[in-house]
Amino acid sequence: MTDEEKAQKALLKAQRKAEFEAKFKKELESKKKTEINKSSKTKAELRAERRALQEAQRAVKSGSQQSLQTKPTDREKSKPIVNRSENSMPKEQTKVESLDKNEHKNKTAPILTKQESILSNKELPIRIFSHLPRRISELNKISIKSVPPIVIRIGYQINKDLIEDPTARCVAMLIAFEEVIQHYQPVKDIKRELQRIIFDDCKIFLNKCRPLSISMINAIMHLKMIFSRISSGIDDTEFRSKVCKSIRIFIDEEIMCSRDAISCEHAMKIFPINSQEQTQTILTLGSSTIMQQIFLNAIKQKVQFNVIVVDTSPRFDGRRMVEFLTKHGIATTYVLINAILCVMKNVNKVILEAHSVLCNGYVMSTVGSSQIALVAKAYNVPVIVCCETYKYSDQAYTDCFIQNELGANSMESFFDCSSNNAKIYNNNDNNIVTNLNFLDLFYDLIPREFISAVITEKGFLPCTSVPAILRFRETVR
């Protein structure tokens, strides 16, 4: 920039500064004058001014309303003039009609609000629990493209509850995968093709038949780790033998041997040494295979004990446990979950099977187990949980509404329980079906404060030891 341009810019800045200062001075002077005028006026004068303004505004409003009333609308102009003496109604009759209309409106208003609230209450559970998975009841809707026949058979058996126990489902899934690996003929790369079939097609198909349990998810993760450790350049027969061998080792060591260690060795420690003289009262929920093994081993060791089986709707799995215990000559008491307060005072220990133990120490078990643990805590009864370490999960939930499983035919299973309910369900009244909402959850979460110990194949562990066990399992693998 030249010296002349710099001088011009300096002049412009000086001019703008002078103009701004002059405006600022004028504004200050005007503000001072107004403040002086206000201070000179008394309070009475200021009130009078405000009243005058309010009256003027009211006059303008009233004038506008009168002009609107006096102007006839287009409809009134188009209406024909009728003799008022014939068609006009008396004032008293019009007042009565207006009162009747108002009363009718007041009566119908709460009815409408009730109907709206009923609809909202019916839709509310659907919206709240829409994220929870549910099995597909109509098997024709499940696509079986590129799914091996053995996996289809296992999936249909799981869907129809022919294979119901979580451990049995996990073992059946692994055996099906082993057979698929043994008989699969690859096109190019056996490793990539089997990964696509097993971890994509078969997993999606089984999840639609019934949502995968945590034990099944952990088994699939273990199988993925096995695939990742085997190089892709290996021979097909050697690849098959390695994968099938690792699957068989997982089934034998992680599942079968763990269950034997829990039922035969560690679970027997819950009974006292002089148990032949004392009679123990054990409370359990529903039916589970590991609890049946524990009771069988206790019978072999000639332990004197009684069992209280607690059952819940809509499946009533405890009936199978009662049948098993009575066949083996064990004194059994069968109660529903609403009667646990009456029987808990006679209980020595509560033993439950866990579907999983979460990372935060919460135990996922059959629905109703949290209520039993809460009552047992109130009566100072120890709650012992049986769970294999391969069922431990690195996930953390605080309630059973975050991750759970919904029943498929909850209404039918409920109404099939008794003849009276069956009569209600078979009735042709559609209001019974449309106005009923069934929340059938499979699992429940027990807080870690209610758990005394967890029996695993490694012994008695606290429920807060899940992170350490998971780290140990990763290092061993």
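How long is the gain from Lys242 to Gln54 if the chain were fully straight, where each residue apart is worth 0.36 nm and the alpha carbon distance is subtracted? Working shown, then result.
Working: separation 188, 0.36 × 188 = 67.68 nm, distance 9.52 nm.
So the extension gain works out to 58.2 nm.
If r is the Cβ-Cβ distance from Lys458 to Arg192 and R0 is 45 Å, what FRET efficiency results, to the nearest 0.05?
Details: r = 37 Å, r/R0 = 0.81.
The computed FRET efficiency comes out at 0.80.
Once you keep just the Cα pairs under 8 angstrom separated by 6 or more residues, what percentage relative contact order results for segment 139-261? Can you show the working numbers first?
Details: 81 pairs, mean separation 42.9, N = 123.
Computed value for segment 139-261: 35 percent relative contact order.
How much length, in nm to one decimal, is gained on full extension between Leu439 and Ser232, taken as 0.36 nm per residue of separation minus their Cα-Cα distance?
Stretched fully, the Leu439-Ser232 segment lengthens by 69.8 nm.
Set the bar at 18 Å for Cα to Cα. Now go through Lys141/Lys203; Lys224/Lys391; Lys203/Lys242 and name every pair that lies beyond it.
Correct reply: Lys203/Lys242.
Taking K and R as +1 and D and E as -1, what net charge do the other residues with C-beta under 15 Å from the C-beta of Tyr156 add up to? Let's see the in-between values first.
On the way: positive: Arg135, Lys141, Arg153, Lys160, Arg169, Lys208, Arg210; negative: Glu138, Asp161, Glu164.
Computed value for this residue: +4.
For Ala10, what charge total do you get from the other residues with a beta carbon under 15 Å from its beta carbon, if Lys and Arg give +1 and Asp and Glu give -1? Can you show the working numbers first?
Numbers: positive: Lys6, Lys9, Lys13, Arg16, Lys17; negative: Asp3, Glu4, Glu5.
With Lys, Arg at +1 and Asp, Glu at -1, the neighbours total +2.
Beyond 25 Å, what share of the Cα-Cα pairs of segment 139-261 remains, rounded to the nearest whole percent?
On the way: 1619 of 7503 pairs.
Of all Cα-Cα pairs in segment 139-261, 22 percent lie more than 25 Å apart.
With an 8 Å cut-off on Cα pairs and a minimum separation of 6 or more residues, tell me the relative contact order of segment 231-365 in percent. If you can, show how the numbers build up before the last one.
On the way: 145 pairs, mean separation 29.6, N = 135.
Dividing the mean separation by the residue count of segment 231-365 yields 22 percent.
Could you check the simple spin-label distance between Arg16 and Lys31, using points 7 Å along Cα→Cβ, in nm with one decimal?
Distance between the two pseudo-spin positions: 2.3 nm.
If I take the Cα coordinates of segment 225-290 and project them onto the principal axes, what are the three extents in Å, biggest first?
Principal extents (Cα only, largest first): 64, 25, 16 Å.
What full-extension length gain, to one decimal in nm, is calculated for Phe199 and Glu265 as 0.36 nm per residue of separation minus the Cα-Cα distance? The partial results should precede the final answer.
Details: separation 66, 0.36 × 66 = 23.76 nm, distance 3.60 nm.
Stretched fully, the Phe199-Glu265 segment lengthens by 20.2 nm.
Treat each spin label as a single point 7 Å out from the Cα along the C-beta direction, and report the Glu5 to Gln301 distance in nm.
Placing both labels 7 Å beyond Cα along the Cβ direction yields 10.0 nm.
What distance in nm separates the two pseudo spin-label positions at Thr398 and Glu45, each 7 Å out from Cα along the beta-carbon direction?
Result for the modelled spin labels: 6.6 nm.
Most exposed first by the Cβ proxy, i.e. fewest other Cβ within 10 Å, how do His183, His355 rank?
His183, His355
Every read-out reported here was derived from the displayed coordinates using simple, explicitly stated rules and does not represent laboratory data. A quick note: this is a predicted structure, and the numbers were derived from the prediction, not measured. FYI the Cβ positions are ideal-geometry reconstructions off the backbone, even for glycines, and counts take in every protein chain you see.
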